[in-house]
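One structure is given below, represented as structure tokens, and several questions about it will come after.
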Amino acid sequence: MRQAGRYLPEYRALRQRHSILELCHDPDLATQVTLQPVERLGVDAAILFADILLPFEPLGLGLAFAAGEGPQIARPIRSAAHVAALPPVDPAQDLGYVLEAVRLICRALRPEVPLIGFAGAPFTLASYAIEGGATRSFAVTKRFMYAEPRAWHALLELLADLVGRYLAAQAAAGAHALQLFDSWVGCLGPEDYRAYVQPHSRRALEIAAGGGVPVIHFGTETGGFLEDFAAAGGDVIGVDWRIPLDAAWERLAPGQAIQGNLDPATLLASRATLEARVRDILTRAGGRPGHIFNLGHGVLPETPVEALQAVVELVHGC
Ligand code: CP3
């Protein structure tokens, strides 16, 4: 959940000299950034420093990160012809620098700290590829989904296969767990999730499972269709704070673990409020096996490092 990022002074220092893409492209720098929060916070796992949008480069979409405006895609996908013309991507070759970072990070981490690799889920990737950048309404994405269902399914099939193989390759390079980020899937209603997205997430998760390590299936605002989201697969289901952890857990498939679900904004609240929210989540987990304590979404840039350190200490002490 962006444990490496702008809230960390040592990350900001590196960002003064390098763009996000430079940090991602250079395995030594990516290793350095990945280790920063592990040392600072004492968290139980490291998450690979990369970005879900990196596969857009070999797909020829043109990727840039503009300061303050988020990702910008130079050649967004707006036609069936564009989908049909997308080049094949071989993660081992075309994203080899990420796999090299995975190998370096695994060597650099203390043996008791596992590394989580990740990729974007077909829907969330398609939404950026079609919109060309961030959106609130997902209007361009949904219009394409309804107007061009064949091209939509072809695109999501292609992305599912790509990210599935990319995740399995990260496991082969040494990642101890994998996370599939479907950050924006909660913009859909249940029926559209089932018809337009679920089969593709299922496929991506199936291929990723071939990597032989646990897979976390993460989404936000999935309360309207959590059973369907969980049924797509994943050893662990990530949930945000919009649903109580215990209520969410009851809606997962038998044996599925849960990850979450502290609101990142509570890290900006008083220490007493923050502690109460952390304790509430742990109470709802009730000491049952299969809960990964985490934020429900990314750390906000204005978060004080001390608040995150306090959460780690509190959770470890419980
Ligand atoms: O510790 C970590 O988690 C860092 C690794 C990481 C990044 N991106 C680096 C990054 C991870 C796991 C991601 C995933 C990612 N990227 C997601 C899924 C997770 C989520 O938060 O929902 C998404 C949707 C993206 C796409 C993306 N990348 C956006 C929307 C932005 C801009 C956001 C912003 O705050 O400006 C990025 C840029 C980006 N990727 C940053 C980081 C740390 C922002 C920091 C910077 O400007 O250096």
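The values are calculated or read from the model by the stated rules, or taken from the named source; none is laboratory data. In this text the structure is predicted, and so the values were computed from the model without any measurement. Cβ coordinates were reconstructed from backbone atoms using ideal geometry, including for glycine residues, and neighbour counts include every protein chain displayed. All accessible areas refer to the heavy atoms of the entire protein, side chains included, with ligands and DNA or RNA removed. Shrake-Rupley method; radii C 1.70, N 1.55, O 1.52, S 1.80 Å.
Identify, among H217, G238, L205, the residue whose Cα sits farthest towards the positive end of the charge dipole of region 191-262, taking +1 on the Cβ of Lys and Arg and -1 on the Cβ of Asp and Glu, with the dipole about the Cα centre.
Of the listed residues, the answer is L205.
Continuing with this model, one more query. Which residue, A85, A208, A126, tops the fluctuation ranking in a GNM of the chain built on C-alpha contacts under 10 Å?
Sorting by GNM fluctuation, first place goes to A85.
Can you give the convex hull volume of the alpha carbon atoms of the chain per residue, in Å³?
For the chain, the hull spanned by Cα atoms encloses 121 Å³ per residue.
Under unit Cβ charges (Lys, Arg +1; Asp, Glu -1), what dipole magnitude, rounded to 20 debye, does the chain have relative to its Cα centre?
In total the dipole reaches around 220 debye.
If you wrap a convex hull around the C-alpha atoms of region 144-226 and split its volume per residue, what is the figure in Å³?
That works out to 81 Å³ per residue.
Return, ordered by residue number, the residues of region 1-34 whose backbone nitrogen is under 16 Å from a label point located 7 Å along Cα→Cβ of E306.
8-9
Find how many whole Å separate the alpha carbon centroid of region 29-51 from the alpha carbon centroid of region 73-94.
Between the Cα centre of region 73-94 and that of region 29-51, the gap is 30 Å.
What share of the DSSP beta bridges in the chain is antiparallel, in percent to the nearest 5?
Beta bridges within the chain, antiparallel portion: roughly 20 percent.
Another one. Taking only Cα atoms and a 10 Å spring cutoff, compute GNM fluctuations for the chain and point out the largest among P87, P122, P55.
It is P87.
Additional query: What value, in deg cm²/dmol to 500, does the helix sum -39500 (n - 2.57) over DSSP H runs of n ≥ 4 give at 222 nm once divided by the residues of the chain?
Helices in the chain give a 222 nm mean residue ellipticity of -14000 deg cm²/dmol.
Under a point-charge model restricted to the Cβ atoms of Lys and Arg (+1) and Asp and Glu (-1), what is the dipole moment magnitude of region 97-200 relative to its Cα centre, in debye to the nearest 20?
So the magnitude is around 180 debye.
What accessible area per residue comes out for the chain, rounded to a whole number of Å², with a 1.4 Å probe?
42
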